[in-house]
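*Asks:* First the structure, then my questions, so here it is.
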Amino acid sequence: MGMTIAQKIIKNHLVTGEMIPGQEIALRIDQTLTQDATGTMAYLEFETMGIDRVRTELSVAYIDHNTLQCGFENADDHRYIQSVAKKHGLRFSRPGNGICHQVHLERFGVPGKTLIGSDSHTPTGGGIGMLAFGAGGMDVAVAMGGGAYYITMPKMFKVNLTGKLRPFVTAKDVSLEILRLLSVKGGVGAIIEWGGEGVRTLSVPERATITNMGTELGATTSIFPSDDITRDFLVAEGRGADWVELSSDPDAEYDRVIDIDLSALEPLVACPHSPDNVKKVSELKGVKVDQVCIGSCTNSSLMDMLKVAALLKGRTIDPSVSLSISPGSKQVLAMLAESGALNDIIASGARVLECACGPCIGMGFSPNSAGISLRTFNRNFLGRSGTADAGVHLVSPETAVAAALTGYVTDPRQLGEMPEIKMPEKFRIDDSAILLPADPEEARGLKILRGPNIKPFPESRPVGDAIEAQLTLKVGDNITTDHIMPAGAKILPYRSNIPHLSQYCFGVCDASFPERAKAAGQSIVVGGDNYGQGSSREHAALVPLYLGVRAVIAKSFARIHVANLINAGILPLTFKDPADYDALSQGDALALRNIHAGMDAGEITLEDVTTGKTCALTCAFTQRQKDMLKAGGLLAYTASA
Ligand code: MIC
Ligand code: SF4
């Protein structure tokens, strides 16, 4: 039988397991990346492994999230990561050099290689034909140490593209269309391969926009073929030698095929507060807009920015709108400056921010009270912008410009002719902001620079045979890691200080949770479907661990988060009958008994001691996961192995 692109790369990297959907497989990882918001913790974990130098082909530490240095905390973390990178053999991408996914695509991505990153949008690399996964920091630390990455062998979905996008309809609209079709859980357990004749009409940055937002579908990852368009992109980046051709076999089999006719799409918008709440831009026509933000790892490539500049040229933005533009990388910014396009952006009244995540993760530029913000980003979860009652909408750069110019949601096709913009034959290459590691000799004498904001790691506990604990929080469906452990300018600087972070745990849902959990000592959290979707932040497991959460029971879990829970030694269990969720009430005393035998049998009984009712919970742990839980998480397990 023929193979899909992903199956071919998996086969080349398979360490253990069989490529049967649903079974656990272990993959050899060629490259890793971290960003600073998850990186500090990942490197603290890496340090506990006592390995001198990373054992991957390439590992890069980026600084792009926490770049607002309102106090010493972020600057200290940057210094810490820089010193770790130099000593332990990683490249270090300095703050200002750009957003990890954009820079990685430009400078390091290689078709056919595996990449894991401590950031959920690592699948951006699929745009260049990499098999790239978002992972928790501990998994990235293990991969840096040469260990394998464990996933459940995914199903294969194919999106068959036909036709060609019409002017003002973009790759972002393709991403929103697939979200409209599949929802934020539609990709769970699957790798999405993009194929069909329409693929040839999409540039690498456009493909990367699409694989980036595959994360919002819950997909394990997304991938495009590597063809002559990929080769031209790599040649323009001075890396033609990295190109290999990749395609699926004609008789490859897919579990599901979805057809999208690019010619039939129109500008779309994801309405608050979920990326799958998609409508046509024309349906929202006339809605007043207060703020527009252009950038993020989804839409900050040179092509995106050149289009934005061309549309803004000779025009000024509406006085009622505040427009921010964050180019994705130093390369993008330098080329905008050289071409004069930056002047067109500045002259329009836009506020040019540094090349970083910025407003996407609530690092400044929060909207006004109840403000309507149109953003070219990938997430519009409640509260993520930093303004609790803001209405964040996700749109293409073209739709964003149309709103900035008019002050209202406007179909960008009303802007007139789309200026023709060509991909440059050569990008401006300047890697001076990517620092190389010290050689092994010099590295030995180097010191790691630790700031006072680095606090000890929360202590995990082995999962014993019984857990008796209070149900301290019951939440609904699609709880994101932004609900569990919010980010933003006030909180993000404390990613290496779990005790401080813990005050904000579940703050979006119930600000009294941290106090209640602490008072209870041990607790169990109950959730609905797709619990833990969104970010890869392991803090969404480590902080609950610190607050005494021993188990999470949900109707279903998101992939990265469930791995993070197990890595932290928290027991994730699923309702056998989802209707049993309704019978549990916050505050009930719960008991899980005979856990070890239950883990082997795949089923554990939950007793609600308060009501006297029982129900069945399922778990399908592999032997490795059972051992990890019994040891108290991945670090304890690795230490004992
Ligand atoms: C995000 O987009 O939510 C983040 C911030 O990039 C996260 C990582 C983090 O929380 O540090 C992600 O997507 O994994
Ligand atoms: Fe940064 Fe936003 Fe991309 Fe996350 S989604 S990596 S915060 S730009």
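*Asks:* Bin width 20 Å, origin at 0, all Cα-Cα pairs of the chain: what percent of pairs per bin?
*Replies:* With a bin width of 20 Å, the distribution comes to 20, 56, 23, 1.
*Asks:* While we're on this one: Based on the mean of other Cβ atoms within 10 Å per residue, sort peptides 320-327, 248-255, 138-145, 231-238 so the most packed one is first.
*Replies:* The packing order, highest mean first, is 138-145, 320-327, 231-238, 248-255.
*Asks:* What is the list of residues in segment 548-590 whose amide nitrogen lies under 17 Å from a point 7 angstrom out from the Cα of Ala601, following Cα to Cβ?
*Replies:* It comes to 573-577, nothing else.
*Asks:* Mind scanning Lys8/Lys87; Lys172/Lys518; Lys87/Lys455 and naming the pairs with a C-alpha gap bigger than 32 Å?
*Replies:* Among Lys8/Lys87; Lys172/Lys518; Lys87/Lys455, the Cα-Cα distance tops 32 Å for Lys8/Lys87; Lys172/Lys518.
*Asks:* Non-local amide H neighbours of Ser324 (under 5 Å, H modeled in plane, Pro and chain starts lacking H): which ones?
*Replies:* Amide H neighbours of Ser324: Val292, Cys293, Ile294, Arg351.
*Asks:* For a label point 7 Å from the Cα of Lys518 along Cα→C-beta, name the residues of segment 546-585 whose backbone N is under 16 Å from it.
*Replies:* Backbone N within reach: 546-549.
*Asks:* Mind running the shape call on segment 80-158? Use the C-alpha gyration tensor, a ≥ b ≥ c as the square roots of the eigenvalues: rounded below 1.5 for a/c, prolate if a/b tops b/c, oblate otherwise.
*Replies:* Taking the square roots of the gyration eigenvalues as a ≥ b ≥ c, segment 80-158 is oblate.
*Asks:* For Thr162 and Lys426, FRET efficiency with R0 = 25 Å and r from the beta-carbon atoms, rounded to 0.05?
*Replies:* Efficiency computed from Cβ-Cβ geometry: 0.20.
*Asks:* Express in nm, to one decimal, how much length is gained between Ser247 and Asn594 on full extension, taking 0.36 nm for each residue of separation and deducting their alpha carbon distance.
*Replies:* Value of the extension gain: 120.1 nm.
*Asks:* Calculate, in nm to one decimal, what Lys490 and Gln414 gain on full extension: separation in residues at 0.36 nm each, minus their alpha carbon distance.
*Replies:* Value of the extension gain: 23.4 nm.
*Asks:* Under 5 Å between amide H atoms, partner at least 5 residues away or on a different chain: which partners does Val15 have, H built in plane at 1.01 Å?
*Replies:* Placed amide hydrogens put Ala26, Leu27, Arg28 under 5 Å from Val15.
*Asks:* For segment 158-223, calculate the relative contact order in percent as a whole number, restricting contacts to Cα pairs under 8 Å that are 6 or more residues apart.
*Replies:* Here the relative contact order equals 47 percent.
*Asks:* Would you mind getting me the FRET efficiency between Glu57 and Val609? Use the beta-carbon distance for r and R0 = 56 Å, nearest 0.05.
*Replies:* 0.60
*Asks:* Right, here's the next one. Assuming R0 = 51 Å, what is the FRET efficiency of Lys455 and Asn368, from their Cβ-Cβ distance, to the nearest 0.05?
*Replies:* Step by step, r from the Cβ atoms, then E = 0.90.
*Asks:* Modelling each spin label as a point 7 Å along the Cα-to-Cβ direction, I'd like the Gln69/Leu14 distance in nm, to one decimal.
*Replies:* Each label point is offset 7 Å from its Cα along the Cβ direction, giving 4.9 nm.
*Asks:* Applying the Karplus parametrisation 6.51 cos²θ - 1.76 cosθ + 1.60 with θ = phi - 60° to the phi angles of segment 451-467, what ³J(HN,Hα) value in whole Hz is obtained for each residue in order, glycine and proline being reported as x?
*Replies:* Once rounded to whole Hz, the list reads x, x, 7, 8, 10, x, 5, x, 7, 8, 10, x, 6, x, 7, 9, 10.
*Asks:* What length, rounded to one decimal in nm, is gained on full extension from Asp465 through to Leu181, with 0.36 nm per residue of separation minus their alpha-carbon distance?
*Replies:* Extra length from Asp465 to Leu181 when fully extended: 98.0 nm.
*Asks:* Something else now. Name the shape class, rounded, prolate or oblate, that the alpha-carbon gyration tensor gives for segment 342-391, where a ≥ b ≥ c are the square roots of its eigenvalues, rounded holds for a/c under 1.5, and otherwise prolate holds if a/b is larger than b/c and oblate otherwise.
*Replies:* prolate
*Asks:* Counting only DSSP beta bridges with both residues in the chain, what percent are antiparallel, rounded to the nearest 5?
*Replies:* About 35 percent, rounded to the nearest 5.
*Asks:* Cut-off 11 Å, label point 7 angstrom out along Cα-to-Cβ of Asp627: give me the residues of segment 48-80 whose amide nitrogen falls inside.
*Replies:* None, by backbone N distance to the label point.
*Asks:* Next up: Give a quick list of GluC sites (Glu not before Pro) in segment 1-74 that DSSP marks as loop, anything other than H, G, I, E or B, with at most 11 other Cβ atoms within 10 Å.
*Replies:* Answer in residue order: Glu18.
*Asks:* Now a separate question. Can you give the calculated 222 nm mean residue ellipticity of the chain, where each DSSP H run of n ≥ 4 adds -39,500 (n - 2.57) and the sum is split over every residue, rounded to the nearest 500 deg cm²/dmol?
*Replies:* Using -39500 (n - 2.57) per qualifying helix, the result is -8000 deg cm²/dmol.
All of the numbers you see were taken from the coordinates with simple rules; none came from a lab. Keep in mind it's a predicted model, so treat the numbers as computed, not measured. Neighbour counts are summed over all protein chains in view; Cβ atoms, including those assigned to glycine, are modelled from backbone coordinates with ideal geometry.
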